[in-house]
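What follows is calculated from the coordinates using simple rules that are stated; it is not laboratory data. Computed from a predicted structure; not experimentally measured. Because the Cβ atoms are built from the backbone with ideal geometry, glycine has one as well, and the counts that use them run over all protein chains shown.
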Amino acid sequence: MEEAVDLASQLPLMIKGVYYDGWTLRDKPEKFKKEEFARRVHAQFEFDDNVNPAEVIRAVLRVMYRHMGEGEIRDVKFNMPKEIQEWFPEEIAPKG
């Protein structure tokens, strides 16, 4: 939960409004499997056959990476289920 609020604090005001729209405080955040997460993204596009939800997710993550930096996006990534972490750009792969 703290990571979600930390992420939001770095968003531009207009995007912050979209981010928080419909958000409710819960004891535990909902966690989705990869397929359900993609389905929910696709639902936002009314299940348009021309929209690939995985591409949309990757594009949003690339934009976030460019504007927010590696440290914050790395924190977000490692708070996600492993299968969703696969969508994150290679630039934020663990350094080793």
Under the Karplus curve 6.51 cos²θ - 1.76 cosθ + 1.60, θ = phi - 60°, whole-Hz ³J(HN,Hα) for the stretch 57-68, x wherever Gly or Pro sits: 4, 4, 5, 4, 5, 5, 5, 4, 4, 5, 9, 10
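If r is the Cβ-Cβ distance from Asp75 to Asn50 and R0 is 41 Å, what FRET efficiency results, to the nearest 0.05?
Using R0 = 41 Å, I get an efficiency of 0.80.
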What are the ³J(HN,Hα) values, in whole Hz, obtained from phi via the Karplus relation 6.51 cos²θ - 1.76 cosθ + 1.60 with θ = phi - 60°, for each residue of the stretch 2-7 in sequence order, with x given for Gly and Pro? 4, 5, 5, 6, 4, 4
Can you compute the modelled spin-label distance between Gln10 and Thr24, with each label point 7 Å from Cα toward Cβ, in nm? 2.9 nm
Using helices alone, I'd like the mean residue ellipticity at 222 nm for the chain: each DSSP H run of four-plus residues gives -39500 (n - 2.57), total over residue count, nearest 500. -16500 deg cm²/dmol
Using the Cα centre of the stretch 31-96 as origin and beta-carbon charges of +1 (Lys, Arg) and -1 (Asp, Glu), tell me which of Asn79, Phe37, Val56 is placed farthest towards the positive end of the dipole. Asn79
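I need the shape label for the chain. Rule: rounded when a/c is under 1.5, else prolate if a/b > b/c, else oblate, with a, b, c from the alpha carbon gyration tensor.
Details: a/c = 1.34, a/b = 1.10, b/c = 1.23.
Since a/c stays below 1.5, the shape of the chain is classed as rounded.
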I'd like the FRET efficiency for Lys33 and Glu90, computed as 1/(1 + (r/R0)^6) with the beta carbon distance as r and R0 of 22 Å, rounded to 0.05. 0.45
